[in-house]
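The values are calculated or read from the model by the stated rules, or taken from the named source; none is laboratory data. Note that the structure is a prediction, hence the values are computed from the model and not measured. Quick reminder, even Gly has a Cβ in these numbers, built from the backbone with ideal geometry, and neighbours come from all protein chains shown.
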Amino acid sequence: MTKNTTRLNIFFDTILLIIMSIFFYLSIPMYSSSVIYMPQGSIKSIISYLSKNNFDINGFDKYILRIMGKPQSGWIDIGHTQLTKGDFLYRLTKSKAALKDITLIPGETMYFFIQEASKIFNLKEKDLWNAYNRYTSFPDGVILPNTYKMPLGISANYFMQYLINQSMMKHKQLAIKVLGRFDEKQWFRYVTLASIVQKEAANKEEMPIIGAVIYNRIKIGMPLQMDGALNYGQYSHLKVTPERIKKDTTPYNTYKYRGIPPYPVGSVSMEAILSVINPANVKYLYFVKTKKGTHIFSTTYKQHLKNIK
């Protein structure tokens, strides 16, 4: 056997070994959510995203994807939770997902939002609550009002992880833009104030004024005494009655307890947050709703009584 023949055999053996190794690598079993979110970007950034989100993906996989094709962006349904590495990578480039809309309106509470999500996506409310509490310690006010397109078949865990991560990213962006930094405790104090404004204001124009009323009452040690704070959780749509005020012993009862509640009372728009960061320069302490649904504001209790009449 000549040297050239030997070298050729070694070459082909090496190629065969490489091919077998690749086939073996692609046959490795892996686990995945049946529905996953794929960001836009380069294959390298997609690989990095998947790796950070606990998928069994590494730098070598980008070379395989370059051969198979670029992954779809957005929500995709790969159909299985247990499959081979090769099948997973292939499905990333070919699969799509059926999407449905879910809307969180400003002022609505997680209590009703989770009920709605449970119906639309056929998920258990208990699983949604468990997932929500896994990713945040705030019972409300974290997920921002918006219409979200989410895929059918998504898990409760992934549903909440995505919404909370996306919202927290926007919370941080706004905080840095307006305040120059993001301090979670400070920021969610603003969100808590804003959640009361969201419940009380008739429109966006009133928000900075009601924000000022809150600060003015706090400044003189006056209880906030705002019905909106009692529209938390399951009480979001109930009218606040004198009996309810008397019986409610939670810190959301601003008639009994001075200061602001410990947590937001519902979802909060960016306008409401900005209204308590930059409140109106007014001295109002009181306001009453008119028949048109807007409010009349006053600085004295005497004038407030006249406005009520």
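Quick one: how many residues across the range 83-113 are closer than 30 Å to Asn133 by Cα, without any contact (Cβ under 8 Å) to a residue 40 or more places away in the chain and not charged (D, E, K, R)?
Number satisfying all stated conditions: 0.
Restricting to the range 57-74, count the residues that are hydrophobic (A, V, I, L, M, F, W, C) and out of contact with any helix residue (DSSP H, G or I) (no Cβ under 9 Å at 6 or more places or on another chain). Lay out the reasoning, then the answer.
Kept after step one, since they are hydrophobic (A, V, I, L, M, F, W, C), are these residues of the range 57-74: 57, 60, 64-65, 67-68.
Filter once more, so that each one left must be out of contact with any helix residue (DSSP H, G or I) (no Cβ under 9 Å at 6 or more places or on another chain): 67.
Residues flagged as hydrophobic (A, V, I, L, M, F, W, C) and out of contact with any helix residue (DSSP H, G or I) (no Cβ under 9 Å at 6 or more places or on another chain) within the range 57-74 amount to 1.
Out of all the residues in the range 201-213, is one or more part of a loop (DSSP other than H, G, I, E, B) and on the phi > 0 side of the Ramachandran plot?
First, the residues of the range 201-213 that are part of a loop (DSSP other than H, G, I, E, B): 201-203.
After this cut, where a residue has to be on the phi > 0 side of the Ramachandran plot as well, the list is none.
The answer is no; no qualifying residue exists.
Just to be sure before I move on: is Ser137 surrounded by fewer than 16 Cβ atoms within 10 Å (Cβ to Cβ), polar (S, T, N, Q) and closer than 24 Å to Gly259 by Cα in the structure I sent?
On the way: surrounded by fewer than 16 Cβ atoms within 10 Å (Cβ to Cβ): yes; polar (S, T, N, Q): yes; closer than 24 Å to Gly259 by Cα: yes.
The answer is yes for Ser137.
Would it be correct to say that Gly153 is assigned to a loop (DSSP other than H, G, I, E, B), in contact with a Ser or Thr (Cβ under 7 Å, 6 or more places away or on another chain) and either under 30 Å from Tyr63 (Cα atoms) or among the basic types (Lys, Arg) (or both)?
On the way: assigned to a loop (DSSP other than H, G, I, E, B): yes; in contact with a Ser or Thr (Cβ under 7 Å, 6 or more places away or on another chain): yes; either under 30 Å from Tyr63 (Cα atoms) or among the basic types (Lys, Arg) (or both): yes.
Yes.
Could you tell me whether the range 97-110 includes any residue that is under 21 Å from Gln40 (Cα atoms), charged (D, E, K, R) and either outside the structural domain of Tyr49 (by TED's automatic domain parsing) or under 21 Å from the mean Cα position of the chain (by Cα) (or both)? Even if it seems obvious, please write down each step before you answer.
Step one: filter the range 97-110 for residues under 21 Å from Gln40 (Cα atoms), giving 97-101.
Checking which are charged (D, E, K, R) leaves us with 100-101.
Restricting the remaining residues to those that are either outside the structural domain of Tyr49 (by TED's automatic domain parsing) or under 21 Å from the mean Cα position of the chain (by Cα) (or both) gives 100-101.
The answer is yes, given that some residue of the range 97-110 is under 21 Å from Gln40 (Cα atoms), charged (D, E, K, R) and either outside the structural domain of Tyr49 (by TED's automatic domain parsing) or under 21 Å from the mean Cα position of the chain (by Cα) (or both).
Evaluate the following for Lys185: is it outside the structural domain of Ser73 (by TED's automatic domain parsing), of a type in the set (Lys, Arg), assigned to a helix (DSSP H, G or I) and more than 15 Å from the chain's Cα centre (by Cα)? Write out each step before concluding.
Values: outside the structural domain of Ser73 (by TED's automatic domain parsing): yes; of a type in the set (Lys, Arg): yes; assigned to a helix (DSSP H, G or I): yes; more than 15 Å from the chain's Cα centre (by Cα): yes.
Judged against the criteria, Lys185 is a match.
Within the range 249-297, can you find the residues that are under 30 Å from Ile114 (Cα atoms) and either in contact with a strand residue (DSSP E or B) (Cβ under 9 Å, 6 or more places away or on another chain) or of a type in the set (A, V, I, L, M, F, W, C) (or both)?
Across the range 249-297, the qualifying residues are Ile260, Val265, Ser267, Val268, Met270, Ala272, Ile273, Leu274, Val276, Ile277.
Please work out if Lys239 is under 27 Å from Pro145 (Cα atoms), assigned to a loop (DSSP other than H, G, I, E, B), without any contact (Cβ under 8 Å) to a residue 40 or more places away in the chain and not assigned by TED's automatic domain parsing to the domain that holds Ile143. Write out each step before concluding.
Values: under 27 Å from Pro145 (Cα atoms): yes; assigned to a loop (DSSP other than H, G, I, E, B): yes; without any contact (Cβ under 8 Å) to a residue 40 or more places away in the chain: yes; not assigned by TED's automatic domain parsing to the domain that holds Ile143: yes.
So Lys239 fits the description; yes.
Name the helices (runs of 4 or more DSSP H) wholly inside the range 36-129 in which the number of residues that are modelled with pLDDT of 80 or more and over 23 Å from Tyr148 (Cα atoms) is 2 or more. Quick ask: steps written out before the conclusion?
Details: elements: 43-52, 61-68, 85-94, 110-121.
Filter on the range 36-129 gives 43-52, 61-68, 85-94.
Over 18 Å from the mean Cα position of the chain (by Cα), crowded, with 17+ Cβ neighbours inside 10 Å and in contact (Cβ under 8 Å) with a residue 12 or more places away in the chain - does that describe any residue in the range 154-171? Walk me through how you get there before you give the answer.
Here is the first cut: in the range 154-171, the ones over 18 Å from the mean Cα position of the chain (by Cα) are none.
No.
Could you list, in sequence order, all residues of the range 203-240 that are over 26 Å from Ile114 (Cα atoms) and β-branched (Val, Ile, Thr)?
Within the range 203-240, Ile209, Ile210, Val213, Ile214, Ile218, Ile220 qualify.
Identify all residues within the range 34-71 that are of a type in the set (S, T, N, Q) and surrounded by fewer than 16 Cβ atoms within 10 Å (Cβ to Cβ); write none if there are none. Spell out the reasoning first.
Just the residues of the range 34-71 that are of a type in the set (S, T, N, Q), to begin with: 34, 40, 42, 45, 48, 51, 53-54, 58.
Within the range 34-71, Gln40, Ser42, Ser45, Ser51, Asn53, Asn54, Asn58 meet the criteria.
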